Amino acid sequence: MINKLGELEELSRLLEPNAEVRTIVREKVIKHVDTFLEKLPHVAPFVSTDDMGIGIYDSPITDEPIDIKTALNLFEHNIENAGVNIGSGKYFAFLPGGGLYYSALGDYLAAATNRYAGSFYASSGAIHLEKLLIGWMRDFIGYPEQAEGDLTSGGSMANLSAILTAREAYNLKAQDVAKSVVYISQQSHFCIQKALHIIGFAQCIQRYIPVDSEYRMNPEALESAIKQDKQKGLQPWLVVATAGTTSTGAIDPLRQISEIAHAHQVWLHVDGAYGLPFALCETGKQLLDGIETSDSLVLDPHKALFLPLGTGAVLVREGKKLYQTFRRQADYMYEPSGEATEISPYKLSPELSRPFRGLRLWLPLKLIGVAPFRAALEEKLLLARYFYERLQQLRGFELGPPPQLSVVTFRYVPQRGNIETFNQILLTTIKKDGDIFISSTRLDGKFVLRLAILGFRVHKEQVELAINVLLDTAKRLEQEI
Ligand SMILES: *Cc1c(COP(=O)(O)O)cnc(C)c1O
């Protein structure tokens, strides 16, 4: 047995590199990242290799170790060079945050020290740090002291927590599903339907409230739907408004919706995964008027606070409702009574063990302060307006509504041929040429192009580039028809 232990120990000690090995490995990784960041402005926002990363299978998981150089080569070829560069200033698709470098260092610190951010007893400091961040969000949103929140892996999970909380707050049970009514709009994110599905409410009544010409929920239509449903003896329960829709950045009229919801005792949840961080800047604060009157909300630091993917946040105005939804006890969760001054995150979330997410938000906020975030958000709003106005002045472009946040929708109207096909080809050509990366959506059945200005590396220069690429490519394709 002693011999066996010795053998096992010798091998298992490879799990812990010594200082010298750590230095070698770490420096290679850091150098690799530096090279990546240096070349990022010069590489395409979408890169592809012929094998699209499938080469990773050629190096299966076995007992045979490889060195860090080989590992980095595999990473570079199969992952780095096969797909989109969300952090590129030329990336305008979907809703990219970018990925702050300081957050990456925060992740390194969090992972290397492996603080347990699920329970107050395990790491009270980590919990205080996350409460500090939740409190900061609560304050810039305008929620009261008693609000509670949780840092999640993203917006979908945050919406799930909020919607489950709404269900619990209304004490809805399986027998209530068929008569419970949820009000959403055609522009709501599909994660709301997923959340309803997960909480067992896929079969509840889902009313799609019409939107106005700027894709905002029509409050009058909402009110009459609620009234009709009440008359029918149904149970209006939840309104989900969106503050910054994914397609166009539309902000539903929050204050009006809130008044209607509350007059009818309906829970108002606001999905602000994309838009709510804009409340940090003056212009955004005005656009998001009324947000503080909601019952729960979601925002995604990995979108408009520019974090690398992996951080969303949920806040519930009456914090105890979040707690009542998730609190559980178990004999194996030892927490001495009376010592905890803060509620453990596992009592506010479906998760127990989880990464120490706070650090990736805290470190950049502390190292550069809030001012650069506020400025960047104000800049994105202005850049979207600038892009919109420039496109208006160019012949050939048909524009969607003026941007409410930082997304602009538009399409090119060619002199001949089918508009729809033309714009699909325009999109594919732009992606293939690789100078910029944009995406598309469908509005009122029409295929439209979509430019989202959200990455922290997007400035005026990149927006000018986008305008030139769009114009040049459209003109070139028009000639070819
Ligand atoms: C992105 C987004 C989501 C989903 O968030 P994830 O972080 O991708 O899970 C939900 N709602 C809106 C409005 C979004 O823009």
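The values are calculated or read from the model by the stated rules, or taken from the named source; none is laboratory data. What you see is a predicted model; the values in this text were computed from it and never measured. Cβ: placed from backbone, ideal geometry, glycine included. Neighbour counts: every protein chain shown. Heads up: the accessible areas ignore ligands, DNA and RNA and are worked out on the full protein's heavy atoms, side chains in. Shrake-Rupley method; radii C 1.70, N 1.55, O 1.52, S 1.80 Å.
Summary of values
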| item | result |
| --- | --- |
| Global size of the stretch 346-416 as Cα Rg and Dmax, reported in angstrom | 20.1, 61 |
| Trypsin sites (Lys or Arg not before Pro) restricted to the stretch 99-195 and DSSP loop, no more than 11 other C-beta within 10 Å | Lys173 |
| Pairwise centroid distance, computed over Cα atoms, of the stretch 196-251 with the stretch 447-481, Å | 34 |
| Three-way shape label, the stretch 200-245, alpha-carbon gyration tensor, a/c 1.5 | oblate |
| Cα-derived Rg over Rh, computed across the chain with Rh taken as Kirkwood radius | 1.01 |
| Per-residue HN-Hα couplings for the stretch 297-311 [Karplus 6.51, -1.76, 1.60; θ = phi - 60°; Hz; x = Gly/Pro] | 7, 10, 9, 10, x, 7, 10, 7, 10, 6, 6, x, 3, x, 9 |
| Between the stretch 265-283 and the stretch 1-79, the Cα center-to-center distance that results, in Å | 40 |
| Solvent-accessible area per residue for the chain (1.4 angstrom probe, square angstrom) | 49 |
| Relative contact order (%) - the chain, alpha-carbon pairs under 8 angstrom, separation at least six | 21 |
| Counting DSSP beta bridges with both ends in the chain, the antiparallel % (nearest 5) | 55 |
| Sparse-neighbour loop sites [GluC sites (Glu not before Pro); the stretch 350-395; at most 12 other C-beta within 10 Å; DSSP] | none |
| Phi to ³J(HN,Hα) by Karplus 6.51 cos²θ - 1.76 cosθ + 1.60 over the stretch 231-244, Hz, x for Gly, Pro | 4, 6, x, 7, 10, x, 10, 9, 10, 10, 9, 10, 10, x |
| Share of carbon and sulfur in the accessible heavy-atom surface of the chain [1.4 Å probe, %] | 54 |
| For the stretch 299-411: span of alpha carbons on each principal axis (Å, largest first) | 70, 31, 23 |
| Cα gyration tensor category, rounded, prolate or oblate, for the stretch 28-146 with a/c compared to 1.5 | oblate |
| Trypsin sites (Lys or Arg not before Pro) restricted to DSSP loop in the stretch 337-427 with at most 16 other C-beta within 10 Å | Arg395, Arg416 |
| Largest-first principal axis extents, alpha carbons of the stretch 256-315, Å | 40, 24, 12 |
| Solvent-accessible surface (1.4 angstrom probe) belonging to Leu132, in square angstrom, nearest 10 | 110 |
| Calculated FRET value between Tyr108 and Asp212, using beta carbons and R₀ = 41 Å, to 0.05 | 0.30 |
| Lysine pair number, Cα distance threshold 21 Å (strictly under), the stretch 275-374, separation 8 or more or different chains | 4 |
